[in-house]
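Reviewing the structure listed below.
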Amino acid sequence: MSFFNSIGRSMQRAPRPPKRSTTPTSATFPADAQTPPAGDIQGTTQQKPLFLCSPFVDAALVKGNFKTIVMQPKYTDIMEWVAVNIFDFYQNLNLFYGVLAECCTQHSCPAMSAGSALNYTWINQDRKSVQLPAPTYIDYVMTWVQNLLDDDNTFPTKSGKDFAPTFPSTVKHVYRQLLRVFAHLYHAHYPQILHLRSEPHFNSLFAHFLAFGREYELLDIKDIKGQQGQLVAVGALWERWKEVGILES
Ligand SMILES: [Zn+2]
């Protein structure tokens, strides 16, 4: 099954130029939860987000539950299965971001918003939590993940080379940051996704990402939903998809 082997994985890599990046760490939330983020183009914060409205909320490329496609195929190594899926999620998300990037500027998105009262902050090299414009934040995430994928010590591609013992914690870290990119794109750029008529594709990619993340315990519920007063907007999407059977309840 060549799809699952690491050579196929390395051949699909799109080169990205090296860029400065620091290692992101845990979630931090804005101190002032009452301040709505600038760049909220969905109008008032009371409005139901478009991505939760019919027919968009249930638009999908595939019907049914994602459980079957996240299951580890027989005779594959679980680390390799996780690695190849993370690679695919990253590549697909990067393609979407590439198309949406012209709408995600320092002007439109001065903060990495993901809910009406939630801006993610970045931990810089001095271990300080800083607010970054969303395009800068996303660029840091994508560059960091690309560098990890290119690093043979983290994502080994040669047969006989094992995954490092730190691999599970590294991929959880990656997963949490990719979730934030999804969360920002849904929250701030859904009109553009609709304009491109990409909502079935984007929903299916995100549902697959969530299903996989839960199956292999790469995602915490609190990262998907946020916390009281600082909810992640896509947390409602997760609840909805569980109700209609797209995701496991
Ligand atoms: Zn943006």
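Every read-out reported here was derived from the displayed coordinates using simple, explicitly stated rules and does not represent laboratory data. These numbers come from a predicted model, not from an experiment. Heads up, the Cβs are rebuilt from the backbone with ideal geometry, glycines too, and the neighbour counts pull from every protein chain shown.
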### Query
Does the range 111-161 come out rounded, prolate or oblate, given a ≥ b ≥ c as the square roots of the eigenvalues of its C-alpha gyration tensor, rounded meaning a/c under 1.5 and, failing that, prolate meaning a/b above b/c?
prolate
### the range 142-244: trypsin sites (Lys or Arg not before Pro) in DSSP coil with no more than 15 other Cβ atoms inside 10 Å
Lys158, Lys161, Arg197
### Message
Can you compute the equivalent ellipsoid semi-axes for the range 56-106, i.e. the square root of 5 times each eigenvalue of the Cα gyration tensor, sorted largest first and rounded to whole Å?
### Response
28, 18, 6
### Task
Treat the count of other C-beta atoms within 10 Å as a stand-in for reagent exposure and order Phe89, Phe167 from fewest to most.
Phe167, Phe89
### Calculated on alpha-carbon atoms, Rg and Dmax of the range 59-198 in Å
16.8, 49
### Query
Can you pick out the pairs among Lys67/Lys225; Lys128/Lys222; Lys63/Lys161; Lys63/Lys222; Lys128/Lys225; Lys74/Lys161 whose Cα atoms lie more than 29 Å from each other?
Lys63/Lys161
### Summary
Quick note on Tyr120, Tyr216, Tyr190, Tyr75, ordering by fewest other C-beta atoms within 10 Å, gives Tyr75, Tyr216, Tyr190, Tyr120
### Message
Could you tell me the extents of the range 161-249's C-alpha atoms along the three principal axes, largest first, rounded to whole Å?
### Response
44, 30, 26
### Task
Using R₀ = 41 Å, calculate the FRET efficiency as 1/(1 + (r/R₀)^6) where r is the Cβ-Cβ separation of Leu50 and Tyr75; round to 0.05.
0.45
### Task
Write down the Å³ per residue value for the convex hull defined by the alpha carbon atoms of the range 137-186.
69 Å³
### Task
From the P(r) of the range 161-204, can you give the percent of Cα pairs sitting at distances over 18 Å?
46 percent
